[in-house]
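The values are calculated or read from the model by the stated rules, or taken from the named source; none is laboratory data. These numbers were taken from a predicted model, which means no experiment stands behind them. Positions of Cβ are backbone-derived with ideal geometry, glycine not excepted, and every protein chain shown enters the neighbour counts.
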Amino acid sequence: MEIDKAIRECDDRRLKTKYNNAIYVIRRALALYPIQEVALSFNGGKDSTVLLHLLRAGCFLHQAEEFNSGGDAVDGGKTFPIRTIYFESPSAFPEINSFTYEAASIYDIQMDIIRLDFKSGLEALLKANPIRAIFLGVRIGDPTAVGQEQFSPSSPGWPPFMRVNPILDWSYRDVWAFLLVSKVRYCSLYDQGYTSIGSIHDTVPNALLCTRNSDSSEEKFKPAYLLADGRLERAGRAKKNSSAASGKSSSISNGLKMDNLNSGSMLSASVITVGDEILFGTVEDKLGSVLCKKLHSIGWAVSRVTVTQSDIDSVAEEVERRKSIDDMVFICGGIGPLHSDVTVAGVAKAFGVRMAPDEEFEEHLRHLIGEKCSGDKNEMALLPEGITELLHHEHLPVPLIKCHNVIILTATNAVELDRQWDCLIELAKSNGILELMDPFASKCFATTLSDVEVAQPLSKLCAQFPDLYIGGYRESREGPLIITFEGKDLSRIEAASQSLCQKFHPGSFSKIE
């Protein structure tokens, strides 16, 4: 059989190990269930294409063993004996549909085409056919992989069947090594820079594969197998946002959501600090306020600052809520080897992925803490699988961690935060991981007037200048009232502050530098 022969003759030892393990899972499934009671869920993507050919090889080897034991003869893998399910969707790429039907023709696949949603389609199929196990191309890092093993019963509320995941432990690199070594066909979109294909509504070519001709502005993309860091395969999936629900007008630019706030476009961020000691009042959260100032200095609006408990669920719930609302989430605290250091695990849960060892990050930790990087401390090298990007800088002993639009800062004090922020800004200037915009400008005035005296004029001023933030506070009950004007346009701030001063006697307000 050509697939088995190609893998066994190649020099890639890792691929051979992955292949042998996957074939073992397939042959074990075929020993447990009659071939008439198993099915393949095929969607035309790279992972299910790998699984298709693994099943071809697995069925061939399984049938060959039966033949040697006195069973029926095999056909050399020319036909595909496993029932195949294809969920056809109107939002699928035409190239995916074309490739799927082409594969069915080439390999003589008996295909059930379902035009319902996944759950309803399975219910209808399993009522009509005695299917007890379904092969899936799920890999660790996929949102659906959480909690699954190589053999996992279907979830409560779903039709009963066994999920069989032969490539659960395969990486992006393993998938492409198999496809290229086997020399099998795959969907043409992967040669156009697509690295993870969903629907036509949420999938674009991966910007990390983009190239430009020197003599034109035309964008071209390298093929998917040239993506250097497989953890970024989903970078071509557009981020879901809540603009429809919030009433904001949004567009996607470089993976960030541009929200129309008041009269100008700006990006919004939220800041999350993790720590029971802050909630108990044992220590004061100083990093949150420092981060707000730094974000304003690069033109970002801060929508919320929160402190969460030191448990995975609390972190996950807050990250899940903010990552779909804000363009970027900054989270600090709860990083390290202690039992309360749950931030990274909480981020993984928010994205629905597993924690997995990261050899590169572990090497950085080993240089930092030496031989102490063993045992429980090795858990510090577990990072969210498939979504982690390490942000390297020569002045950082350990890279910062970025998971889609969440940046995890390891700073424990203002000095460390300053250093990490400066490095982050340098990286933003070179690779665009963080969009730098015009900073907020501000003016502050002090007055001895009472709150009652300035309340109505300030309300009218807010309506007159909706593009500005106009606030008031007192540092003490007996101290002066401080009026602040903040916005992107200094001339508008100047006009608003002059308008306020003109409403009162000269000398009522004094400018604070």
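With segment 344-424 as the region, which strands (runs of 3 or more DSSP E) entirely inside it contain at least 1 residues that are at pLDDT 90 or above, crowded, with 21+ Cβ neighbours inside 10 Å and of a type outside the set (Gly, Ala, Ser)? Spell out the reasoning first.
Values: elements: 355-357, 382-384, 388-391, 400-403, 406-409.
Strands (runs of 3 or more DSSP E) meeting the threshold: 400-403, 406-409.
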Handout entry: Residue list for segment 81-102, filter: assigned to a strand (DSSP E or B) and farther than 19 Å from LEU122 by Cα
Key = PRO81
Practice task
Restrict the check to segment 243-263 and report whether at least one residue is buried (at least 17 other Cβ atoms within 10 Å of the Cβ), acidic (Asp, Glu) and at pLDDT 85 or above.
Solution key: no
Exercise for the section: Examine segment 448-461 for a residue that is within 25 Å of the chain's Cα centre (by Cα), surrounded by 13 or more Cβ atoms within 10 Å (Cβ to Cβ), more than 20 Å from VAL290 (Cβ to Cβ) and at pLDDT 90 or above, and state whether such a residue exists. Expected result: no
Handout entry: Extreme residue, farthest from LEU295 (Cα to Cα), among residues of segment 472-513 that are without any contact (Cβ under 8 Å) to a residue 40 or more places away in the chain and in contact with an Asp or Glu (Cβ under 8 Å, 6 or more places away or on another chain)
Key = LEU481
Practice task
Only one of these is touching a helix residue (DSSP H, G or I) at 6+ places or on another chain (Cβ under 8 Å) and not in a strand (DSSP E or B): LEU427, LEU458, LEU449. Name it.
Solution key: LEU458
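Residue-by-condition table, conditions (1) modelled with pLDDT under 95; (2) in contact with a strand residue (DSSP E or B) (Cβ under 9 Å, 6 or more places away or on another chain); (3) of a type in the set (Gly, Ala, Ser):
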site	(1), (2), (3)
PRO130	yes, no, no
PHE135	no, yes, no
ASP169	yes, yes, no
PHE178	no, no, no
TYR190	no, no, no
ALA207	yes, yes, yes
Practice task
Return the total of residues in segment 125-156 being part of a loop (DSSP other than H, G, I, E, B) and under 27 Å from the mean Cα position of the chain (by Cα).
Solution key: 13
